[in-house]
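Chemist: There's a structure below that I have some questions on.
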Amino acid sequence: MHIGLIGLGKMGFHMRERLRRNGIDVTGFDRNPGVSDVMSLTELVAELPSPRVVWVMVPAGAVTDAVITELTEVLSRGDLVIDGGNSRYDDDIRNAEKLALSGVRYMDCGVSGGVWGQDNGYALMAGGADEDIRLAMPILDALRPEGDRERSFVHAGAVGAGHYAKMIHNGIEYGLMQAYAEGYELLSAKDIVTDVPGIMRAWQEGTVIRSWLLDLVVNALDGDPELSRIAGYADDSGEGRWTVQEAVANEVPAPVITAALYARFASRQDDSPAMKMVAALRNQFGGHSVRPAEPTMPPAAVDETGSPE
C-alpha cells in the first residue's frame, strides 16, 4: 500500500518511519524541504495510486482547514483523506462535508503515543464509514502496537467520533498527570522524606497506581531530580478545554479534569513543583517544549541609600 502523509513534525516524522518499517510505502510532504519527499501537494498526489489515501498530520484549526481546502483542489472522486491530528470533532464534520462536494471521502483518527510511538506503536481511535475504515486498515495496523487489534484500535463511530474519543482521552490524561504531580509536590514538601525519586521508582511495580505515566515521572526525575531546570509553566493544547466544555454542554460532572485544566492556568502565575512535573511529563511523552527555569540571581548589592548599585 502507498499513501501520502502531510505534516512531518514531531508526530508525523516518526509515523512515516514506523509505516515504512511495517511495509507501507509513504510519500511525505512538509513545508520544511529538509524532511519532505516532494515539494508540493500536486507532486504528492501525482505519486499516489488510485484511490489515493492521504493522511493529514498538521496542527488543528486554521492549518488543517487550509490543507483540507488545498486537497479539495487536487484530489479526485473516491480518494480518502484521514485527519490524524488533534482536530475538534465538529471540525471533522465540517471538513468531511467540504470534501464530499468533490466526492472525496473523509475519516478522522485520534492518535496517542507521542514521540515514543515510532517504536512502541500508537493507540488509534477512528471515526468514519465502514468502507473507509476497511480501506485504511493496513495503515492502522502498521501504526498500532503488535497484538490484539481491540487493545489499541477502535472504530469509535461516525465521522468525528475518533477525535471526540481522543479529546476525552486527553482530558483523562490531564487528571492523571495532575494527581502524580500533586503527589510529587507533597513528597517534596515533607522534611522526613529524603528520596523522592526513589519513592516514585518503587511504585513502578506491584502498586495500583503503576502506569506508563509513572514511568515517565521516573524518567524525568532521573535526569533532573529536583526539576530545577524546568519552569513550573504547563501549556494546554486545547483538548482539555474542549473536554470541560463538553462536560458543561452535556451536564456531566467532571471535577477532576476541570481542576487539572485550571491548575495549568494557575501554573502561568506561580512556579509550583507540581506544575514543573506536569511540564516535565508533557515533554516526556509528547516531546512538548518546556520553559527553562529562571536563573537564580544573587541579591543586588545596595549602597547606603538603599538603591541598587
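The values are calculated or read from the model by the stated rules, or taken from the named source; none is laboratory data. In this text the structure is predicted, and so the values were computed from the model without any measurement. Cβ sites come from the backbone with ideal geometry, for glycine too, and all protein chains shown count toward neighbours. Each accessible area value is taken on the protein alone, full model and side chains, heavy atoms only, with ligands, DNA and RNA left out. Shrake-Rupley method; radii C 1.70, N 1.55, O 1.52, S 1.80 Å.
Chemist: Which three lengths, in whole Å and largest first, does the stretch 123-262 cover when its Cα atoms are put on their principal axes?
Modeler: Extents along the principal axes, in whole Å: 60, 37, 28.
Chemist: Let me ask something additional. Where the centroid of each part is defined by its Cα atoms, how far is the stretch 75-106 from the stretch 254-274 in Å?
Modeler: 35 Å
Chemist: What is the spread of the Cα atoms of the stretch 81-185 along each of their three principal axes, largest first, in whole Å?
Modeler: In descending order, the Cα extents are 54, 30, 20 Å.
Chemist: In whole percent, what relative contact order does the stretch 129-230 give with Cα contacts below 8 Å and a gap of six or more residues? Write out the running numbers ahead of the final one.
Modeler: Numbers: 36 pairs, mean separation 15.0, N = 102.
Rounded, it is 15 percent for the stretch 129-230.
Chemist: Still on this model: Helix hunt in the chain: which complete DSSP H runs extend at least 27 Å axially by C-alpha with mean Kyte-Doolittle at least -1.0? Don't jump to the answer; show the numbers that get you there.
Modeler: Working: long enough: 161-189 (42 Å, -0.08).
The answer, listed by residue number, is 161-189.
Chemist: Take the chain, compute every pairwise Cα distance, and split them into 20 Å bins from 0; I just need the percent in each bin.
Modeler: Per 20 Å bin, starting at zero, the Cα-Cα P(r) for the chain comes out as 30, 51, 17, 3, 0 percent.
Chemist: Further question: What order, most packed first, do the peptides 49-56, 85-92 have when packing is the mean number of other Cβ atoms within 10 Å of each residue? Write down the numbers at each step before the final one.
Modeler: On the way: 49-56: 19.4, 85-92: 21.2.
So the peptides 49-56, 85-92, ranked by packing, come out 85-92, 49-56.
Chemist: Provide the per residue accessible area, probe 1.4 Å, for the chain, rounded to a whole number of square angstrom.
Modeler: Details: 15240 Å² over 309 residues.
Normalised by residue count, the accessible surface of the chain is 49 Å².
Chemist: So for the stretch 144-196, what are the equivalent ellipsoid semi-axes in whole Å, largest first, each being the square root of 5 times an eigenvalue of the Cα gyration tensor?
Modeler: Equivalent ellipsoid of the stretch 144-196: 37, 15, 5 Å, largest first.
Chemist: If amide hydrogens are placed 1.01 Å from N in the peptide plane, which non-local residues have theirs closer than 5 Å to the one on HIS288?
Modeler: The answer is ASN283.
Chemist: Based on alpha-carbon centroids, what's the gap between the stretch 1-73 and the stretch 162-189 in Å, whole number please?
Modeler: When both Cα centres are located, 31 Å separates them.
Chemist: Mind computing the radius of gyration and Dmax over the alpha-carbon atoms of the stretch 42-95? Å is fine for both.
Modeler: Rg and Dmax of the stretch 42-95, Cα atoms, are 11.1, 31 Å.
Chemist: If you count, for each residue, the other Cβ atoms within 10 Å and average over each peptide, how do 251-257, 61-67 line up from highest to lowest?
Modeler: Details: 251-257: 12.9, 61-67: 15.6.
Per-residue mean Cβ counts within 10 Å order the peptides as 61-67, 251-257.
Chemist: Same structure again: Would you calculate the separation in nanometres between label points at ARG21 and SER188, each defined as 7 Å from the Cα along the Cα-to-beta-carbon direction?
Modeler: A separation of 3.3 nm, rounded to one decimal place.
Chemist: Report in % the part of the accessible area of the chain that belongs to carbon and sulfur, leaving out ligands and nucleic acids; probe 1.4 Å.
Modeler: 54 percent
Chemist: While we're looking at this one, here's another question. Report the charge-dipole magnitude of the chain in Debye, nearest 20, computed about the Cα centre from +1 at each Lys and Arg Cβ and -1 at each Asp and Glu Cβ.
Modeler: Computed charge dipole of the chain: roughly 680 debye.
Chemist: Please enumerate, by chain and number, the lysines with C-alpha under 30 Å from the C-alpha of LYS98, excluding those fewer than 8 residues away in the same chain.
Modeler: In chain and number order, the partners are LYS10, LYS166.
Chemist: Continuing with the same structure: Using the basic label-point model (7 angstrom from Cα toward the beta carbon), what is the ALA100 to ASP119 distance in nanometres?
Modeler: With each label point 7 Å from Cα toward Cβ, the separation is 4.3 nm.
Chemist: Also, I was wondering about something else. Once Lys and Arg get +1 and Asp and Glu get -1 on their Cβ, which of GLY103, ALA161, ALA123 lies farthest toward the positive end of the dipole of the stretch 101-197?
Modeler: So the residue furthest toward the plus end is GLY103.
Chemist: According to the Cα gyration tensor, what semi-axes, each the square root of 5 times an eigenvalue, does the equivalent ellipsoid of the stretch 1-76 have, listed from largest to smallest in whole Å?
Modeler: Equivalent ellipsoid semi-axes, largest first: 18, 16, 11 Å.
Chemist: Moving on to the next point. With a cut-off of 8 Å between alpha carbons and a minimum separation of six or more residues, what is the relative contact order of the chain in percent? Numbers along the way, then the final one.
Modeler: On the way: 526 pairs, mean separation 42.4, N = 309.
Result for the chain is 14 percent.
Chemist: Can you pull the semi-axes for the stretch 167-236, root of five times each eigenvalue of the Cα gyration tensor, sorted largest first, whole Å?
Modeler: Each semi-axis is √(5λ); the values are 20, 16, 11 Å.
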